[in-house]
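Visitor: Take this structure, written in structure tokens, and hold onto it; I'll ask about it next.
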Protein chains: 2
Amino acid sequence: MASSTTTLKGDEFDRQLFESVLKRRFFFTEAFEIYRLSPNFKGDNRGLFDYGPPGCALQANIVDMWRKHFVLEENMLEMDCTVVTPELVLKTSGHVDKFADWMCKDSVKGDYLRADHLVATVLKARLARGTRGLVKDSPNLEQATIDEYNGILAKIDNYDGDGLAELIKQHGIRNPENNNEVLPPVPFNLMFKSTIGPSTAAPIYLRPETAQGQFLNFKKLLDYNQGSMPFASASIGKSYRNEISPRTGLLRVREFLLAEIEHYVDPEKKQHPRFREVSDIVLPLLDRETQLSGKTTSRTITIGQAVESKVIDNETLGYFMGRIMLFLAKLGVDQSKVRFRQHLANEMAHYACDCWDAELLTSYGWVECVGCADRSAYDLTVHARYTGTSLAVKEVLPEPVKVEEWQATLDKKRTGPRFKKDAKVVQSAVEALDQVALESLAAELEKNGAVVIETPALSDGTMNVELSQELLAISKITRLQSIREYTPNVIEPSFGIGRILYSLLEQVYWHRPNDAARAVLSLPLAVAPNKVLIAPLSSHPQLNAISHRLSARLRKMGIANIIDASSASIGKRYARNDELGTPLGMTIDFDTLTDGSVTLRERDSMVQVRGLEDEVMAAIRGLLEGTETWEQVTGRMEVFGAQEEDY
Amino acid sequence: MASSTTTLKGDEFDRQLFESVLKRRFFFTEAFEIYRLSPNFKGDNRGLFDYGPPGCALQANIVDMWRKHFVLEENMLEMDCTVVTPELVLKTSGHVDKFADWMCKDSVKGDYLRADHLVATVLKARLARGTRGLVKDSPNLEQATIDEYNGILAKIDNYDGDGLAELIKQHGIRNPENNNEVLPPVPFNLMFKSTIGPSTAAPIYLRPETAQGQFLNFKKLLDYNQGSMPFASASIGKSYRNEISPRTGLLRVREFLLAEIEHYVDPEKKQHPRFREVSDIVLPLLDRETQLSGKTTSRTITIGQAVESKVIDNETLGYFMGRIMLFLAKLGVDQSKVRFRQHLANEMAHYACDCWDAELLTSYGWVECVGCADRSAYDLTVHARYTGTSLAVKEVLPEPVKVEEWQATLDKKRTGPRFKKDAKVVQSAVEALDQVALESLAAELEKNGAVVIETPALSDGTMNVELSQELLAISKITRLQSIREYTPNVIEPSFGIGRILYSLLEQVYWHRPNDAARAVLSLPLAVAPNKVLIAPLSSHPQLNAISHRLSARLRKMGIANIIDASSASIGKRYARNDELGTPLGMTIDFDTLTDGSVTLRERDSMVQVRGLEDEVMAAIRGLLEGTETWEQVTGRMEVFGAQEEDY
């Protein structure tokens, strides 16, 4: 297995050096830094980051590639929904009650610690020291304890509040910063809350995911798709999680860009028409059973085999896992530093029935970057039930089928006066009852003379109603069915763009041999913030004019480029752009004035070729479009070689 | 002047029909519609909209064009900053205290009305009825009153709270919905407020503009730009305004996409190097004086003349107004439905010293779509002062200059013990004093033996300090100055993407002659959601296969396309895509199987040509890249003519 602490050239990865490069080149910065440094700042700006020009361009390029790879390739229906979300929507979706992490209060200092992170941090520290406490003179760890700790860590995501409380008590876990005791864990809802309009009676939250907006529009999306199934909607946008105590840079942030696909599929037809395009792809899988046995070693298996053996539940889930792998490869992610890990039962979000995370290996360990969840019919069902709006698909059957089924009939002359303005809602609730429900209700109605059925929200806020035999009849009938109605299942690949961006940067970072100060980011052409550096060798006005002409020419071809006409040596300008991940560099010198030739330098090899302007332009276009390789370019043009550059 | 109520074909504009097209084709929808329609929904989702697939694509295309026209064209430094903003930042910027609208409470019903809109609505209704009240039998308006009302309406944006209170009292203005009296206006801050982290002690707001994030990073941006001035940063992102009572669809929303440029310029050098590229452009200007005289007629004048005559304050402001005009033209905005209106003194945001809005004419009247403000050095100055961080530019002078100047010296042996950890902050405050301040402080110090100076925030929260003669000396010295220090001025073109999108859609909407049900959106190719419709004439598998091959071929060329293989008639499929604004349509029929030819239809004229697949592909590429016109296409291919289509 690849180690998390080596660069792609095999050197040791130095996170401090790496981060200093990213900050120096303004890939990102802590938001509100000048305030945080001010003595009077009492706020909390942790987990908030701004992207500077190269980070912003890299992010835009990743999003652009995502849109092409997923949305355009499969004609997904892209939406842009609001972040501001009324409380009622998120109450129904379960987020108000269940979207929480457990936190412990430091009993002395009063600050809050995320409970699972606290346990993991302390146990890892003990394993590292080989002792049962954080201090040196506590008893040494026995093998049984080492195994126990490792077992807990392998399934740390599977503990609920009680489980975490038990661990903290049993293993004497305290705040590692000051050895203070901590209070038992309490839940903390992760959504930012506010109110809308001048009245404070209308609470809203910032969405924790883009998915809900897509679900609420399912009916319109299906119409737009002319009723045809299956199909997917997609959305790219900011989402928010009010993390308890974020510490790990870009990996745990409170405001982040999510790119989410909601693929709607008939629950009885989870095959995928393009499955065979991905079935031979080999994935490293770490399934649920392996983790529960206390192990963390993944096995490699083709997607076809994994679906056949039911390790991956169905073709559609497998199809998207394959597509995710292909996307990560296009971005430049090291294929030996990816794995797919299945969620444990208690770790899964409340809406999911299965979930695989694509994790990337970084210096922080394995980082969840893409979730691929099967949300079943959960969300569409709860929203349909609450609002009384059908979010089902009506499928016209090829031939009508004779079916025997239970049918419920309301006596409208009586239910009208009885339920008044709620009558329609009660009617829709009765119509929504399925056959299993009707069969048991029929028996109950006969036995008790009345039944209670669940309804969408009524005007008094309750969500059920009692119906007596006078109001409701349930009987068995035979009819010709020509339309089948079902609520689709949702397969959801969900991409944390910031985490992908950070992990990718770690993986493409290295430095020139024997010179840790000369860093390089080997970003592929397709995602590099700038594709071409243009560097005039002197400040001569004619060279300057050529630089601007070349820049405009590249811009017209849609190729992002940057002129560096500063007085720094050419070596320094190259080095600066190596740190920015700029793959190509053109220099313009006095020979350019006489013979129209320019040089083209490749970032990773530092090899330079020289050719006429048009030849070099054609090479740049070919490299970008993938019709020519750098080897082919060096084959047809005069090579300068990778001489050590003046720095 | 163009009328707001005619389409581009001269027909009367019917907003209801227009909006039904946009909703039917899912350009946008009210957010959370299925909840709003639910009887139990007590929340407020007004001013929140979701974009469906065509709206989302149109928005992305407008943003893409904006980025190319502004950011790439001038190498602006694009950033992506957080929406979540600590209160202290927005307190300093003035938004916590001043970013508010005035609202009146209905004295009976208790709901809130925006005060300026209330006054305008009532006065407009009286003018329309010709009476002094909202009821028919109130006295008729005299000419003097009509003039008075029109005068108030022309400068309605110029009234503050007291002014609005006076108008409401003087003109007996009541809630037009129920004739209830309203209470005097009170301010309502327009920012959404929340808290960050588990402690409620850390208040945050959702940003009302992207600008502040850019300003706080000014130092890093200047470094990234290698110290070179002038330059611009830019940002595209969601911003939030908690509007009091939004009613006008996409034009007044609580969550919206802003695209903002912050151009940093030496206050003594507001010339612009590319000014002559725009100086001959004619703009329709409605300046401040004209509005205060009660008139609303704009005059046309070249930008060059406007700057020379000081109607537009400086070249940089004029340059961006010209660039905005060119951008709107590229989008397809009707040039006769644009004007630039200068803000009135009380209308301007608290940070601006001058502002021109680009307004587009719609059925709602003139709509502010782009603001072009001169924010002077306001923001950089207040943030630098609060945080004690320099946000100034240091310019190395070509030659040192001998200057006589006041100099302040602190006795550090005494200030250290006196101010302890605040000593550095006091020191920086003294260093930041300018010559005017020093001269008057010198006199005061001599007279009173002590002075009070303003400081960045100190550890006790105060922002000033008293310094006696024992601590501070101020004297006149002569020295050689080789570096000039200044805080840049900021020119800020700020684009409300949603308002531009809506206004553009109104302006490009029309219908086929004598058939109001057949709507067309004449969006230019560059911004249309889909460029090409592919329609196989039957469901024959071979036609279907060709459709998919053509779609993939277009996709590879980066051209967004849509296959409609539904069983609807070809006329209906064209009509659907006319409403989606799809400029081109390809049909595949049985001739395609035998001779490889396809047809290409142009949306506005309905003219069709027929040619070989490659010819048609070349035509599509040429039309998109602007190297061929539709006239040239019809010149070189067989024309079918615009026969009335089967519908």
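The values are calculated or read from the model by the stated rules, or taken from the named source; none is laboratory data. Here the structure is a predicted model, which is why all the values come from computation and not from measurement. So basically every Cβ, Gly included, is an ideal-geometry build from the backbone, and we count neighbours across all protein chains shown.
Visitor: How about region A:577-637: which strands (runs of 3 or more DSSP E) wholly inside it have at least 2 residues that are of a type in the set (Lys, Arg) and touching a residue at least 12 places away in the same chain (Cβ under 8 Å)? Steps first, answer last, please.
Guide: Working: elements: A:584-588, A:597-602, A:608-612.
Fully inside region A:577-637 and qualifying: nothing.
Visitor: I've got another one for you. Identify the single condition in (1) out of contact with any helix residue (DSSP H, G or I) (no Cβ under 7 Å at 6 or more places or on another chain); (2) within 14 Å of chain A (Cβ to nearest Cβ); (3) closer than 26 Å to residue B:227 by Cα that residue B:383 does not satisfy, given that it satisfies every other one.
Guide: Here residue B:383 meets the rest and fails (1).
Visitor: Can I ask one more? Could you list, in sequence order, the residues of region A:158-189 that are in contact with a helix residue (DSSP H, G or I) (Cβ under 8 Å, 6 or more places away or on another chain), over 20 Å from residue A:108 (Cα atoms) and either without any contact (Cβ under 8 Å) to a residue 40 or more places away in the chain or within 14 Å of chain B (Cβ to nearest Cβ) (or both)?
Guide: Scanning region A:158-189 gives a single hit, A:189.
Visitor: Mind checking which pairs have a first residue in region B:106-131 that is in contact (Cβ under 8 Å) with a residue 60 or more places away in the chain and a second that is basic (Lys, Arg), Cβ under 7 Å, 6 or more apart or different chains?
Guide: Here the result reads B:112/B:105, each pair linking region B:106-131 to a residue that is basic (Lys, Arg).
Visitor: For residue B:90, indicate whether it is in the same structural domain as residue B:284 (by TED's automatic domain parsing), over 30 Å from residue A:552 (Cα atoms), aliphatic (A, V, I, L, M) and in contact (Cβ under 8 Å) with a residue 60 or more places away in the chain.
Guide: Spelling it out, residue B:90 is indeed in the same structural domain as residue B:284 (by TED's automatic domain parsing), over 30 Å from residue A:552 (Cα atoms), aliphatic (A, V, I, L, M) and in contact (Cβ under 8 Å) with a residue 60 or more places away in the chain.
Visitor: Still on this structure, please answer the following. Could you grab me the full set of residues in region A:400-432 that are under 18 Å from residue A:478 (Cα atoms) and surrounded by fewer than 17 Cβ atoms within 10 Å (Cβ to Cβ)?
Guide: A:400, A:401, A:402, A:403, A:404, A:405, A:407, A:409, A:431
Visitor: Let me ask something else. Say we look at region A:428-465 and pick out the residues that are over 38 Å from the mean Cα position of the chain (by Cα) and hydroxyl-bearing (Ser, Thr, Tyr); which of these is nearest to residue A:382 (Cα to Cα)?
Guide: Here the residue is A:459.
Visitor: Next question, about the same structure. How many of the residues in region A:190-210 are more than 7 Å from chain B (Cβ to nearest Cβ), within 17 Å of residue B:41 (Cα to Cα) and touching a residue at least 40 places away in the same chain (Cβ under 8 Å)?
Guide: Counting residues in region A:190-210 that are more than 7 Å from chain B (Cβ to nearest Cβ), within 17 Å of residue B:41 (Cα to Cα) and touching a residue at least 40 places away in the same chain (Cβ under 8 Å) gives 3.
Visitor: Which residue, of B:119, B:83, is closer than 30 Å to residue B:226 by Cα and crowded, with 18+ Cβ neighbours inside 10 Å? Before the answer, list the steps.
Guide: Working: B:119 fails: closer than 30 Å to residue B:226 by Cα.
B:83 is the lone residue from the list that is closer than 30 Å to residue B:226 by Cα and crowded, with 18+ Cβ neighbours inside 10 Å.
Visitor: Consider residue B:459 carefully, then state whether it is among the polar types (S, T, N, Q) and out of contact with any strand residue (DSSP E or B) (no Cβ under 8 Å at 6 or more places or on another chain).
Guide: Values: among the polar types (S, T, N, Q): yes; out of contact with any strand residue (DSSP E or B) (no Cβ under 8 Å at 6 or more places or on another chain): yes.
Answer is yes for this residue.
Visitor: If a residue must be closer than 25 Å to residue B:155 by Cα and part of a loop (DSSP other than H, G, I, E, B), how many such residues does region B:272-308 contain?
Guide: 7
Visitor: Count, please, the residues in region B:211-224 that happen to be in a loop (DSSP other than H, G, I, E, B) and either hydrophobic (A, V, I, L, M, F, W, C) or more than 9 Å from chain A (Cβ to nearest Cβ) (or both).
Guide: Here the count works out to 0.
Visitor: Output yes when any residue across region B:479-499 is in a helix (DSSP H, G or I), within 14 Å of another protein chain (Cβ to nearest Cβ) and under 30 Å from residue B:15 (Cα atoms), and no when none is.
Guide: So far as region B:479-499 goes, yes, one or more of its residues are in a helix (DSSP H, G or I), within 14 Å of another protein chain (Cβ to nearest Cβ) and under 30 Å from residue B:15 (Cα atoms).
Visitor: So which residues in region A:17-36 are out of contact with any strand residue (DSSP E or B) (no Cβ under 8 Å at 6 or more places or on another chain) and at the interface with chain B (Cβ under 7 Å from one of its Cβ atoms)?
Guide: Result: A:26, A:34.
Each row is one residue, and each column tells you yes or no for (1) among the hydroxyl-bearing types (Ser, Thr, Tyr); (2) touching an Asp or Glu at 6+ places or on another chain (Cβ under 7 Å); (3) modelled with pLDDT under 95; (4) under 20 Å from residue B:48 (Cα atoms).
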{"position": "A:139", "(1), (2), (3), (4)": "no, no, yes, no"}
{"position": "A:158", "(1), (2), (3), (4)": "no, yes, yes, no"}
{"position": "A:175", "(1), (2), (3), (4)": "no, yes, yes, no"}
{"position": "A:198", "(1), (2), (3), (4)": "no, no, yes, yes"}
{"position": "A:202", "(1), (2), (3), (4)": "no, yes, yes, yes"}
{"position": "A:211", "(1), (2), (3), (4)": "no, yes, no, yes"}
{"position": "A:215", "(1), (2), (3), (4)": "no, yes, no, yes"}
{"position": "A:237", "(1), (2), (3), (4)": "no, yes, no, yes"}
{"position": "A:240", "(1), (2), (3), (4)": "yes, yes, no, yes"}
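Residues are listed down the side, and each one gets a yes or a no for (1) more than 14 Å from every other protein chain (Cβ to nearest Cβ); (2) under 30 Å from residue B:268 (Cα atoms); (3) assigned to a strand (DSSP E or B):
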| site | (1), (2), (3) |
| --- | --- |
| B:400 | yes, yes, yes |
| B:403 | yes, yes, yes |
| B:420 | no, no, no |
| B:425 | no, yes, no |
| B:438 | yes, yes, no |
| B:442 | yes, yes, no |
| B:451 | yes, no, yes |
| B:456 | no, yes, no |
| B:461 | no, no, no |
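Visitor: Could you run through region A:39-88 and say how many residues are in a helix (DSSP H, G or I), facing chain B (nearest Cβ under 7 Å) and in contact with a Leu (Cβ under 7 Å, 6 or more places away or on another chain)?
Guide: The total comes to 2.
Visitor: Being buried (at least 17 other Cβ atoms within 10 Å of the Cβ) and either among the acidic types (Asp, Glu) or within 33 Å of the chain's Cα centre (by Cα) (or both) is the filter; apply it to region B:597-614 and report the residue that is nearest to residue B:574 (Cα to Cα).
Guide: B:603
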